[in-house]
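Contents: one structure, followed by commentary.
The values are calculated or read from the model by the stated rules, or taken from the named source; none is laboratory data. It should be emphasised that the depicted structure is a prediction, and the values quoted were computed from it without experimental measurement. A quick note on method: Cβ atoms are made from the backbone with ideal geometry, for glycine too, and the neighbour counts reach across all protein chains shown. In case anyone asks, the SASA skips ligands and DNA or RNA and just uses the protein heavy atoms, side chains included. Shrake-Rupley method; radii C 1.70, N 1.55, O 1.52, S 1.80 Å.
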Amino acid sequence: MITYDEYQKKVAETDILTSKSSGFIALGLVGEVGDLLSLIKKEQRDLFVIGSLEDHLHEELGDVLWYVTCLINREGYDIREIVRNSFIIIKDEYSQLNPLSLKSLNELDILSASHKLDLNVLESSLDVATALSLLLTLYSGKQVEKHQDKSKVISIFLSKLIIFSLSKKLCISKAIICNLKKIESRWPQKEVYPEPFDKSHEEYERFPDKINFIFKEIDLGEKKFVIQQCQGVNIGDRLTDNKKDKDDYRFHDVFHICFAVHLGWSPVLRALLRLKRKNISSTDENQDGARAIIIEEGVSTFVFSRALNQSLFENVERLDYDLLKFIQEFVKGYEVEKCNLWQWEKAIIDGYKIFRQMKKSRKGKVVADFVSHTVIFEEI
């Protein structure tokens with residue numbers, strides 16, 4: 001079980017935001033609190049089944065806790081003191097509770113699950129929003145605040161956030177662990193590729209160390225097609241854009257190549273190269289079968305629709321977290337769900353770099369290296 005000290009240290013290690021302003025962190029807190037409380041609005045508006053949003057609530061609560069702790073760090077406070085002050089505030093408001101007796105996050109989780117308080121979720125949500133507005137006044141630049149004022153106001157906000165968690169019987173340690181896992185998946189301190197999914201399979205069913213692909217655009221009558229070759233042999237069908245408004249999607253197989261290189265996953269490319277893992281029938285059917293292929297094509301199409309509105313991700317180094325999160329949710333149930341968000345980001349950014357080069361040249365050689373996890377475009 002993680003301790004308050006350990007969590008404060010973890011947040012400090014993962015605080016890689018370029019701006020060192022505490023006001024910037026306060027602004028980030030606004031967005032995260034908004035995301036958290038909007039789930040309560042949706043839950044009550046759309047009458048979701050109780051518990052159906054639990055995972056999302058824990059994720060959003062974890063994001064809020066990260067920003068609060070980051071603010072505590074940047075102001076130079078000890079998180080244990082802030083937590084203790086928050087417990088004092090809670091004790092004054094709810095005399096039947098004795099949070100000062102809680103020695104760990106685990107005991108706070110037990111309290112959240114077992115307390116008998118009749119807490120109104122809507123009221124506790126509004127209290128969080130009100131406490132946040134008070135906190136923001138300290139960073140608006142319109143007043144000269146005292147250092148101890150910030151400590152007190154942050155403690156007030158945290159106390160309201162804890163009461164909110166109690167009102168929903170949320171597990172704070174679960175929210176923290178969820179957040180730290182997300183950070184490690186999205187912004188790891190060191191990027192280490194996991195073992196390939198096909199490592200235990202026969203060599204003739206594994207992606208080779210390196211593959212060269214040739215893409216050529218050809219004219220047949222009034223239509224343009226793209227053909228692909230591997231080792232001098234045509235693979236797959238001749239491709240068009242399959243759309244009235246031409247957008248060069250006919251070159252989209254470069255995305256599948258990049259998925260394979262960075263994720264170790266591409267049912268589409270396995271089918272094209274006849275590398276389906278047939279020795280294990282369940283893998284052949286569930287991971288390399290038609291439905292998996294449809295899932296991958298769905299990811300490719302969805303990301304492309306986003307890319308069209310962002311200049312095909314030109315000059316983009318970081319992708320929107322919500323996009324990556326959607327993809328991760330979309331592929332649940334398949335082996336690729338184990339891949340990190342940073343792997344998806346690399347696969348997509350590399351894929352669109354190659355796609356833009358292919359779109360410009362209308363033909364080219366793509367060198368896929370599965371050992372170094374690189375994809376290179378060469379003119380032909």
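Quick look at the values:
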{"item": "Residue-normalised accessible area of the range 1-50, given per residue in Å² at a 1.4 Å probe", "result": "60"}
{"item": "Relative contact order of the range 152-251, pairs being alpha-carbon contacts under 8 Å that are 6 or more residues apart, as %", "result": "12"}
{"item": "Between 0 and 90°, nearest 10: helix 147-167 axis offset from the chain longest Cα axis", "result": "70"}
{"item": "D209 accessible area, assembled protein chains, probe 1.4 Å, Å²", "result": "110"}
{"item": "0 to 90° range, to nearest 10: angle between helix 22-45 axis and the chain longest Cα axis", "result": "90"}
{"item": "Cα-Cα over 21 Å, subset of K116/K150; K116/K169; K116/K168; K116/K152", "result": "K116/K150; K116/K152"}
{"item": "0 to 90° range, to nearest 10: angle between helix 54-74 axis and the chain longest Cα axis", "result": "70"}
{"item": "The chain - percent of accessible surface contributed by carbon and sulfur, probe 1.4 Å", "result": "51"}
{"item": "Unit charges on C-beta of K, R, D, E only; dipole of the range 226-380, Debye", "result": "380"}
{"item": "Peptides ranked, highest mean first, by Cβ atoms within 10 Å: ranges 157-167, 74-84", "result": "157-167, 74-84"}
{"item": "Solvent exposure ordering (accessible area, 1.4 Å, most first) of I2, I211", "result": "I2, I211"}
{"item": "Whole-number accessible area per residue in Å² for the range 259-299, which is evaluated in the context of all protein chains at 1.4 Å", "result": "43"}
{"item": "Rounded accessible area of K190 (nearest 10 Å², 1.4 Å probe)", "result": "150"}
{"item": "Nearby lysines by direct alpha-carbon distance to K246 (threshold 16 angstrom, same-chain neighbours under 8 apart not counted)", "result": "K223, K224, K359, K360"}
{"item": "The range 3-120: relative contact order in percent, alpha carbon pairs under 8 Å with at least 6 residues between", "result": "32"}
